Amino acid sequence: MIYASADDWRAAERKRVLFFGMSGLGKTHVSNILRDQGEWFHYSIDYRIGTRYMGEYITDNAKAHAMKVPFLRDLLMSDSIYIGSNISFSNLTPVSAYLGKPGDEARGGLPISEYRRRQEQFRLAEIHALLDTEYFVDRAERLYGYPHFICDTGGSICEWVDPDNPSDPVLSELAKHTLMIWIEGNEAHTEELIRRFDKAPKPMSYQPEFLAEVWDGYLAETGAAPDAVDPDAFIRWTYARALAHRQPRYAAMARNWGVSVQAEDMARVRDATDFEDVIAQALAAPRAAS
């Protein structure tokens, strides 16, 4: 790790961290608090994905839907209107809307082949965005003068890496430049995330092997034909399984590549001083055996 001890961390003139864990446990919330302090640069992986790596996919998808409407088609073909995504740090809906959900097209679903194609696009985009971290560490200081840096990752980072491989290309690169911090939830957090997701299900990205397993499992359990699957019912059914699938992967990332901090401790962070104290305590805690 780039900070060998709590003392190293406190003494560092340039603090560089990366947050990982399930969406909804405070990664972006704490990033925003630190950014508002004025000395922290906030690099959002999801924003980078949606602007740099998937922007054309998102815009072309919107145009494809517009082309089905004769009035809009005529305006597009004559370059009379412009269609683009209004993505921001606080509104990443264009990315999730593009990812979509598999199932019945009449209920807003995608054919499973198209869904898998978009999942692969996202996988490649997220890996590229993660590997851009070094560039943004340098850019934040060289261009803007920020001494401190936060990489705010999406919940799916654990899907594309092998945390038990000391030569994993993505984790090796990230660990060179940042202290990797798992924001770890407890059972109560998990139950709340499931409740929240059940109320408003949102598209997610899955490891191809995991997606194949849950898709086949859902079809076998429900007896539904692939093109008759209720898209929202499928991703609700999958969500708790995705949490269980990701938890040991996050734990291995923290054990082999960084530190873990309880979500409830992060929730008490109100400023940069609070944050520095929480991370110092994590660095001072006994390390779990690899």
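Numerical summary
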| item | result |
| --- | --- |
| Residue 194 being open to solvent by less than 20 Å² (accessible area, probe 1.4 Å) and either touching a helix residue (DSSP H, G or I) at 6+ places or on another chain (Cβ under 8 Å) or within 25 Å of residue 281 (Cα to Cα) (or both) | no |
| Qualifying residue in region 97-105 (condition: open to solvent by 30 Å² or more (accessible area, probe 1.4 Å) and modelled with pLDDT under 95) | yes |
| Unmet criterion (only one of (1) under 15 Å from residue 279 (Cβ atoms); (2) open to solvent by 40 Å² or more (accessible area, probe 1.4 Å); (3) hydrophobic (A, V, I, L, M, F, W, C)) for residue 143 | (1) |
| Matching residues, region 10-33, being surrounded by fewer than 22 Cβ atoms within 10 Å (Cβ to Cβ), assigned to a helix (DSSP H, G or I) and not polar (S, T, N, Q) | 10, 11, 29, 33 |
| Selected residue (criterion: least open to solvent (accessible area, probe 1.4 Å)) from residues of region 254-264 that are assigned to a helix (DSSP H, G or I) and closer than 21 Å to residue 160 by Cβ | 254 |
| When residues of region 216-253 are limited to those that are assigned to a helix (DSSP H, G or I), open to solvent by less than 10 Å² (accessible area, probe 1.4 Å) and among the hydrophobic types (A, V, I, L, M, F, W, C), the one farthest from residue 280 (Cα to Cα) | 234 |
| Tabulated pairs, region 206-220, first under 12 Å from residue 238 (Cβ atoms), second of a type in the set (Ser, Thr, Tyr), C-beta under 8 angstrom, 6+ apart or interchain | 206/156; 206/238; 214/206; 214/238; 218/238 |
| Cβ-Cβ under 7 Å pairs, at least 6 apart or on other chains, region 265-290 side outside any helix (DSSP H, G or I), far side of a type in the set (D, E, K, R) and modelled with pLDDT of 95 or more | 268/274; 288/255; 290/255 |
| Hey, residue 85 open to solvent by 30 Å² or more (accessible area, probe 1.4 Å), of a type in the set (Ser, Thr, Tyr), in contact with a helix residue (DSSP H, G or I) (Cβ under 8 Å, 6 or more places away or on another chain) and farther than 30 Å from residue 232 by Cβ or not | no |
| Cβ pairs under 7 Å, 6+ apart, first in region 106-119 and free of Cβ contacts under 8 Å to residues at least 24 places away in the same chain, second acidic (Asp, Glu) and open to solvent by 80 Å² or more (accessible area, probe 1.4 Å) | none |
| Test for residue 52: is it within 25 Å of the chain's Cα centre (by Cα), of a type outside the set (Phe, Trp, Tyr), surrounded by fewer than 19 Cβ atoms within 10 Å (Cβ to Cβ) and at pLDDT 95 or above | yes |
| Residue check, residue 167 over 14 Å from the mean Cα position of the chain (by Cα), under 21 Å from residue 250 (Cβ atoms) and among the polar types (S, T, N, Q) | yes |
| Cβ pairs under 6 Å, 6+ apart, first in region 131-145 and without any contact (Cβ under 8 Å) to a residue 40 or more places away in the chain and farther than 17 Å from residue 180 by Cα, second of a type outside the set (A, V, I, L, M) and open to solvent by 90 Å² or more (accessible area, probe 1.4 Å) | none |
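The values are calculated or read from the model by the stated rules, or taken from the named source; none is laboratory data. Only a predicted model underlies this, so the values are computations on that prediction, with no experimental measurement involved. Counting neighbours? That spans all protein chains shown, and the Cβs are built from the backbone with ideal geometry, glycine included. Calculation scope for accessible area: heavy atoms of the full protein, side chains included, ligands and nucleic acids excluded. Shrake-Rupley method; radii C 1.70, N 1.55, O 1.52, S 1.80 Å.
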